[in-house]
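**Q** Let me give you the structure first, and then I'll get to my questions.
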Amino acid sequence: MSRTRSVVSSTHEVNRRTVLAAAGAAAVSAGVGYGLRPSDSQAATVAESAVAEGPVAVPGQAVPAALAPSTRGTTLNTVSAPLGTGGYRRLGEGPAWGRVVRTDLASPHSARAARRTTMAAFVQFTDLHLTDVQHPLRLEYMRSADRHAWRPHEALSVQGATSLVERINALSGAPVTGSPLDFVMTTGDNTDNNARSELEWFMKVMSGGRMTPNSGDPRHYEGVQNSGLPLYWQPDSVTRDSDKQDGFPHIEGFLAAAIREVRSPGLNLPWYSTVGNHDSLPLGCYASQSDPFLTDFAVGGKKLMDLPTARSKALQDQIRSSDDPRGVRFRELIQAHTRDLRSVTPDENRAPFTRADYLKAHLDPAYAGEGPVGHGYSTANLDSGTQYYTFRISDDVVGISIDTTDPGGHYQGSIDATQVRWLERTLEEHAKAGSYAVVFSHHTSQSMTNTHPDPAHPDERRYDGSVLLALLASHSNVLAWVNGHIHRNVITAHWAPDNRSFWEISTASHVDFPQLARVIELVDNHDGTLSLFTTLVESAAPHRTDYADLSQTGLAALYRELSFNAPGARMDLSGDAGDRNVELVLKKG
């Protein structure tokens with residue numbers, strides 16, 4: 001997939017103009033979505049440009065001090081890898097991943113390394129899926145039809161994400177140029193169940209603080225992992241469950257450790273936020289926040305933990321087909337199995353959070369961390385109910401965060417007509433100001449296939465990924481579209497006539513193995529080309545685990561090992577070599 005050039009044809013260009021003309025009747029409220037205009041800057045300032053090989057003299061400028069690139073802590077140094085053979089496999093240090101030069105969009109010049117200067121350097125987090133594993137709405141029972149519908153490591157998502165923060169804090173700079181890192185961007189699915197408990201944990205992981213990844217009974221875990229059901233890994237029990245039959249260990253005290261307090265140092269960089277479907281919709285797929293049943297069930301004292309295989313398969317098929325976007329059949333299923341529900345401790349903090357709740361949490365000074373206030377979002381977003389904005393990355397580059405979640409339901413994405421018009425104006429405005437653009441979203445171009453009407457705006461048309469591709473390809477200042485959602489590393493070259501081309505960079509999740517984040521460096525080669533370097537990083541947890549070590553760090557290591565061994569897990573999520581550590585060359589627009 002990474003080797004296939006995506007050609008944005010002239011037909012798409014015509015469609016783009018048609019879309020914009022059709023969408024032109026309504027106007028965006030003044031200031032809506034504009035976190036920053038071209039003259040503003042709240043992001044970290046990019047340091048003086050320098051090159052890995054030493055300083056370069058630029059006419060009229062002082063020679064900057066040499067920077068010291070370092071691969072330490074990145075997959076250019078070492079990567080976790082399975083040891084031995086058999087079912088359940090332990091992890092250890094594996095061979096590093098090298099760097100691949102991608103020439104799909106431009107031919108590199110051999111002397112570019114000696115003259116390049118840094119435009120920006122930042123980190124992408126995506127699909128953290130911080131999970132309240134005791135939440136009553138969870139669909140763990142679908143494991144009877146699909147073993148990967150529930151993952152044995154999910155109880156450790158907070159520890160794993162905190163370890164990722166620790167890794168980024170420990171990086172000495174960008175691995176290729178050595179430049180200081182400017183910021184971290186999360187590209188959605190920061191939470192898993194759209195629960196207030198998870199939103200609090202996410203904000204504290206990113207900005208720093210103490211949190212207890214537990215809900216319901218403050219003294220005990222109440223969920224599928226101490227249910228006695230052999231469908232799930234029972235780590236503290238001698239029950240011969242299906243996972244232990246595959247080699248999963250017995251770990252006394254695991255559940256008590258999993259719900260202990262976690263302390264996050266918070267990122268030592270500014271961070272920005274992009275919203276995903278799991279951050280907006282209950283279970284990541286139902287447009288039902290106004291449905292009192294789902295809210296009542298989320299905060300209530302009953303939980304379904306077991307379901308026959310045929311019923312689980314039917315529910316899974318309904319979710320995948322998107323023919324139940326409001327969760328009507330899901331409600332009917334729960335009501336039909338009232339006698340099968342188990343008692344748990346009610347908890348109001350499990351309630352779904354609204355769009356306004358999400359924005360208010362980001363604007364809360366308690367979660368400012370290294371800033372900026374709002375982490376990209378502004379009071380204008382809160383007033384208008386929007387979740388898209390711009391921010392200044394550097395003097396030459398602007399960031400644009402868009403919202404691709406469909407409020408009408410289903411986990412695939414789309415974009416509304418109002419946002420299309422806003423994005424068109426924003427790109428044109430910054431092109432005139434001489435700024436390149438990097439666009440951030442949750443969904444990829446291929447996963448924007450869902451155009452259910454927005455219940456709040458039923459007459460407004462929604463558009464799929466082909467429209468967004470055509471729009472971005474029509475602006476020569478677009479360098480990259482950075483996203484997640486598919487839990488797999490994929491980098492795709494998009495080309496259109498007149499040298500209008502950009503790279504789509506999709507990064508794997510931090511819930512499924514190999515649990516990666518990505519450093520992205522933008523450089524000017526001063527030869528008519530630009531390069532985007534991407535380098536993958538793991539969390540700071542050691543590759544080897546010790547089942548007796550139930551400290552925060554030990555649990556983060558176990559989070560990775562369990563994710564590798566999760567039954568039904570895909571083994572291709574790291575992508576090909578050309579989707580990992582790469583240099584992406586493109587012509588200057």
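The values are calculated or read from the model by the stated rules, or taken from the named source; none is laboratory data. What you see is a predicted model; the values in this text were computed from it and never measured. Counting neighbours? That spans all protein chains shown, and the Cβs are built from the backbone with ideal geometry, glycine included. The accessibility values were calculated without ligands, DNA or RNA, using every heavy atom of the protein model including side chains. Shrake-Rupley method; radii C 1.70, N 1.55, O 1.52, S 1.80 Å.
**Q** Which ones in region 478-487 are of a type outside the set (Phe, Trp, Tyr), crowded, with 23+ Cβ neighbours inside 10 Å and either more than 22 Å from Ala287 (Cα to Cα) or touching a Pro at 6+ places or on another chain (Cβ under 8 Å) (or both)?
**A** Selection gives Val478, Leu479, Ala480, Val482, Asn483.
**Q** Please find, within region 414-431, the residue that is surrounded by the fewest Cβ atoms within 10 Å (Cβ to Cβ) out of those that are assigned to a helix (DSSP H, G or I) and polar (S, T, N, Q).
**A** Thr418
**Q** Just to be sure, is Ala155 open to solvent by 20 Å² or more (accessible area, probe 1.4 Å), among the hydrophobic types (A, V, I, L, M, F, W, C) and either free of Cβ contacts under 8 Å to residues at least 60 places away in the same chain or over 23 Å from Val482 (Cα atoms) (or both)?
**A** So Ala155 fails the test.
**Q** Looking at (1) open to solvent by less than 20 Å² (accessible area, probe 1.4 Å); (2) over 30 Å from Asn77 (Cβ atoms); (3) part of a loop (DSSP other than H, G, I, E, B), find the lone condition where Leu199 falls short.
**A** Unmet for Leu199, out of (1) open to solvent by less than 20 Å² (accessible area, probe 1.4 Å); (2) over 30 Å from Asn77 (Cβ atoms); (3) part of a loop (DSSP other than H, G, I, E, B): (3).
**Q** Tell me the residue from Asp317, Asp323, Asp296 that is assigned to a helix (DSSP H, G or I), free of Cβ contacts under 8 Å to residues at least 12 places away in the same chain, under 22 Å from Met142 (Cβ atoms) and more than 25 Å from the chain's Cα centre (by Cα), please.
**A** Criteria check complete, one pass: Asp296.
**Q** Considering only residues that are in a loop (DSSP other than H, G, I, E, B) and of a type in the set (Phe, Trp, Tyr), which ones fall in region 482-515?
**A** Within region 482-515, Phe513 is the sole residue that qualifies.
**Q** Of the residues Leu479, Leu536, Leu530, Leu555, which single one is touching a Leu at 6+ places or on another chain (Cβ under 7 Å), of a type in the set (A, V, I, L, M), closer than 30 Å to Arg89 by Cβ and assigned to a strand (DSSP E or B)?
**A** Answer to the selection: Leu536.
**Q** When you scan region 335-354, do you find a residue that is closer than 23 Å to Gln419 by Cα and either in a helix (DSSP H, G or I) or open to solvent by 10 Å² or more (accessible area, probe 1.4 Å) (or both), even just one?
**A** Within region 335-354, one or more residues are closer than 23 Å to Gln419 by Cα and either in a helix (DSSP H, G or I) or open to solvent by 10 Å² or more (accessible area, probe 1.4 Å) (or both).
**Q** What are the residue pairs meeting all of these: first residue in region 436-460, first residue more than 24 Å from Trp495 (Cα to Cα), second residue open to solvent by 10 Å² or more (accessible area, probe 1.4 Å) and among the hydrophobic types (A, V, I, L, M, F, W, C), Cβ atoms under 7 Å, and 6 or more apart or on different chains?
**A** Close Cβ pairs satisfying both conditions: Pro455/Ala287.
**Q** Can you find, within region 272-293, the residue that is nearest to Met142 (Cα to Cα) among those that are hydroxyl-bearing (Ser, Thr, Tyr) and either open to solvent by less than 20 Å² (accessible area, probe 1.4 Å) or in contact with a Gly (Cβ under 6 Å, 6 or more places away or on another chain) (or both)?
**A** Taking the candidates together, the pick is Tyr286.
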